[in-house]
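J.: Have a look at this one before I ask anything.
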Amino acid sequence: MSHAYVVVAEVRAGALRQVTLEALHAVSLLKEEGDSAAAVLIGSQITPLASELAEYLDGEVHVLDHPALENYNAEAYFEALTQVLGTLNPHTVVFGHTAIGRDLAPMVAAHLNAGQISDITAIQNTGTTASFTRPIYAGKAFEQKQFTDGPRVITIRPNNIPTAAKAANPATIVETEYSPAVDLKSVIKDVVRKTSGKVDLTEAKFVVSGGRGVKSAEGFKPLEELADVLGGAVGASRGACDAGYCDYAMQIGQTGKVVTPEIYIACGISGAIQHLAGMSQSRVIIAINKDPEAPIFKVADYGIVGDLFEVVPLLTKEFREILV
Ligand code: FAD
């Protein structure tokens with residue numbers, strides 16, 4: 001029996017999110033001969049992005065383009081998405097494990113009477129069984145889960161699964177008429193971005209994070225310069241956010257964002273367990289702290305004992321010479 005796989009695409013600042021291409025790769029890991037793949041793209045004036053998305057998928061891209069869908073609204077997006085899912089009859093729906101994916105996926109799972117496995121970091125498919133790896137206990141251990149039956153809803157943690165390669169045959173674009181049927185209980189009037197927006201924190205390959213050791217909002221400047229040179233993003237500990245040095249949108253950890261960059265540079269962060277929950281799966285961790293006993297050094301691959309205000313500008317200078 002053939003199965004239908006559906007990826008729910010995400011757009012950020014007018015571009016496709018990288019996690020969407022990772023979700024497409026997840027489908028290629030799961031799909032068997034004869035199965036179909038589709039992506040659903042929801043937004044306003046996003047039709048040009050549909051052609052871009054179509055290059056990565058041998059199947060169909062369903063586009064719901066409507067002014068009411070300009071900004072994410074759970075009710076409207078759920079209504080639009082379920083309109084399309086009704087025609088696709090999916091066996092597996094794949095979301096990014098992002099703010100939107102985490103919001104929509106359980107609603108869709110309930111709607112489809114599906115099981116859900118969230119925050120997947122790896123997929124093993126033997127052809128007869130697919131196992132999904134996900135972190136538990138705030139990243140201290142991993143578990144492997146399997147579905148007993150479909151339909152299935154999964155969410156993919158950004159930066160863990162490779163992105164899809166371009167398809168031999170680009171997907172067919174199917175434009176679907178969206179007519180809002182429900183009276184929305186809420187409407188988005190405005191979106192105020194609290195981060196620089198240059199690079200998405202959860203998808204960044206390089207993250208430079210500051211803690212209370214940064215000492216002020218001004219103290220984040222050298223970190224921003226280092227992140228700029230690396231083409232990365234700036235994060236923070238809750239200590240730094242609580243102290244008012246930066247916005248909570250930058251917080252990494254148990255009650256903040258989870259990041260898994262290639263390189264995580266922790267500056268003036270002690271390494272509390274709640275912070276580690278958001279960054280310990282980074283490929284390489286570099287810690288800069290003037291206290292040699294700071295717990296962050298226990299998880300760091302490279303540790304620099306020193307004053308961040310001396311070390312960070314030196315790193316920026318060196319990287320600028322190598323990279324720029
Ligand atoms: P501190 O622990 O004060 O560490 C500052 C570090 O900076 C020290 O190690 C010091 O040696 C170093 N330092 C000072 N000056 C310099 C300098 N000039 N150069 C180099 N190093 C310097 N925390 C999170 O981060 N994320 C979360 O999501 C989170 N969730 C939480 C949820 C709960 C329920 C609770 C109870 C706590 C949570 N916390 C979280 C808070 C966490 O327990 C810590 O309090 C917090 O991470 C500490 O932040 P910090 O490392 O920046 O500050």
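J.: Name the one entry in Q281, Q251, Q274 that is surrounded by fewer than 19 Cβ atoms within 10 Å (Cβ to Cβ), within 26 Å of the chain's Cα centre (by Cα) and within 25 Å of I136 (Cα to Cα).
T.: Just one listed residue meets the conditions, Q274.
J.: If a residue must be assigned to a strand (DSSP E or B) and more than 22 Å from Q254 (Cα to Cα), how many such residues does the range 116-135 contain?
T.: Applying the first criterion (assigned to a strand (DSSP E or B)) to the range 116-135 yields 116-120, 122-125, 130-135.
Imposing the further condition that a residue be more than 22 Å from Q254 (Cα to Cα) reduces the set to 123-125, 130-131.
Count: 5.
J.: Could you say which residue among N89, N113 is farther than 16 Å from E22 by Cβ, of a type outside the set (V, I, T) and in contact (Cβ under 8 Å) with a residue 60 or more places away in the chain?
T.: Numbers: N113 fails: in contact (Cβ under 8 Å) with a residue 60 or more places away in the chain.
That would be N89, the only listed residue that is farther than 16 Å from E22 by Cβ, of a type outside the set (V, I, T) and in contact (Cβ under 8 Å) with a residue 60 or more places away in the chain.
J.: Still on this structure, please answer the following. Tell me which residues, restricted to the range 289-310, are within 20 Å of F220 (Cβ to Cβ) and either touching a residue at least 24 places away in the same chain (Cβ under 8 Å) or among the small types (G, A, S) (or both).
T.: Those that are within 20 Å of F220 (Cβ to Cβ) and either touching a residue at least 24 places away in the same chain (Cβ under 8 Å) or among the small types (G, A, S) (or both): N289, K290, A294, I296, G306, L308, F309.
J.: Look through D307, D301, D291 and report the one residue that is open to solvent by 80 Å² or more (accessible area, probe 1.4 Å) and more than 22 Å from the chain's Cα centre (by Cα). Write out each step before concluding.
T.: Details: D307 fails: open to solvent by 80 Å² or more (accessible area, probe 1.4 Å); D291 fails: open to solvent by 80 Å² or more (accessible area, probe 1.4 Å).
None of the other options fit; the residue is D301.
J.: Can you work out which of the residues in the range 281-319 that are of a type in the set (S, T, N, Q) and away from the ligand (no atom under 12 Å from the Cβ) is nearest to S209 (Cα to Cα)?
T.: Of the range 281-319, the ones of a type in the set (S, T, N, Q) are 281-282, 289, 316.
From the residues that got through so far, the ones that are away from the ligand (no atom under 12 Å from the Cβ) too are 281-282, 316.
Numbers: Q281: 15, S282: 12, T316: 14 Å.
The extreme case among them is S282.
J.: Only strands (runs of 3 or more DSSP E) wholly contained in the range 167-278 count here; list those with 1 or more residues that are more than 16 Å from the ligand (Cβ to nearest atom).
T.: Numbers: elements: 172-175, 206-210, 233-236, 263-267.
Output list reads 172-175, 206-210, 263-267.
J.: If a residue must be open to solvent by less than 30 Å² (accessible area, probe 1.4 Å) and in contact with a Phe, Trp or Tyr (Cβ under 8 Å, 6 or more places away or on another chain), how many such residues does the range 254-263 contain? Please lay out each step first, then the result.
T.: Of the residues in the range 254-263, the ones open to solvent by less than 30 Å² (accessible area, probe 1.4 Å) are 256, 259-261.
Still in the list and also in contact with a Phe, Trp or Tyr (Cβ under 8 Å, 6 or more places away or on another chain): 256, 261.
Residues in the range 254-263 being open to solvent by less than 30 Å² (accessible area, probe 1.4 Å) and in contact with a Phe, Trp or Tyr (Cβ under 8 Å, 6 or more places away or on another chain): 2 in total.
J.: A further question on this structure: Given the conditions (1) over 26 Å from M279 (Cα atoms); (2) touching a helix residue (DSSP H, G or I) at 6+ places or on another chain (Cβ under 7 Å); (3) surrounded by 12 or more Cβ atoms within 10 Å (Cβ to Cβ), report the number of the one that G213 does not fulfil.
T.: Of the numbered conditions (1) over 26 Å from M279 (Cα atoms); (2) touching a helix residue (DSSP H, G or I) at 6+ places or on another chain (Cβ under 7 Å); (3) surrounded by 12 or more Cβ atoms within 10 Å (Cβ to Cβ), the odd one out for G213 is (1).
J.: Hey, can you tell me all the residues within the range 27-58 that are touching a Phe, Trp or Tyr at 6+ places or on another chain (Cβ under 8 Å) and of a type outside the set (K, R)?
T.: V27, L30, D35, S36, A37, A38, I42
One line per residue, one yes/no per condition, for (1) in contact with a helix residue (DSSP H, G or I) (Cβ under 6 Å, 6 or more places away or on another chain); (2) open to solvent by less than 20 Å² (accessible area, probe 1.4 Å); (3) part of a helix (DSSP H, G or I):
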position	(1), (2), (3)
S2	no, no, no
A39	yes, yes, no
P48	no, no, yes
G86	no, no, yes
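J.: Follow-up question, since we're still on this one. Scan the range 183-212 residue by residue and report those that are among the hydrophobic types (A, V, I, L, M, F, W, C), at pLDDT 85 or above and over 27 Å from P67 (Cβ atoms).
T.: L201, A204, F206, V207, V208
The values are calculated or read from the model by the stated rules, or taken from the named source; none is laboratory data. Bear in mind that the values here come from a model prediction, so they are computed numbers and not experimental data. FYI the Cβ positions are ideal-geometry reconstructions off the backbone, even for glycines, and counts take in every protein chain you see. Protein only, heavy atoms only, side chains kept; ligands, DNA and RNA dropped before computing areas. Shrake-Rupley method; radii C 1.70, N 1.55, O 1.52, S 1.80 Å.
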